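What follows is calculated from the coordinates using simple rules that are stated; it is not laboratory data. Small disclaimer: the values here were computed from a predicted structure and weren't measured. Methodologically, a virtual Cβ is constructed for each residue, glycine included, from the backbone with ideal geometry; neighbour enumeration extends over all protein chains shown.
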């Protein structure tokens, strides 16, 4: 079970990303879009998608 603090942190991250209005292109593929989806307009990376390190590879 997630704590309230964890849920609040996740909500803050996902809200920040949602407000960034990230443009995705389906032709870019999963790896590129996963990175775009988690990188805000301030270039900060927020890992919010499950297993993203294994999908995108190590960087």
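If each residue's Cβ is checked for other Cβ atoms within 10 Å, how do 30, 48 rank with the fewest at the top? Display every interim value, and only then the final one.
On the way: 30 10, 48 14.
Result, fewest neighbours first: 30, 48.
Stokes-Einstein at 4 °C, 1.567 mPa s, Kirkwood radius from Cα pairs: D for the stretch 4-51 in µm² s⁻¹? Display every interim value, and only then the final one.
Numbers: Rh = 11.3 Å.
D = 115 µm²/s.
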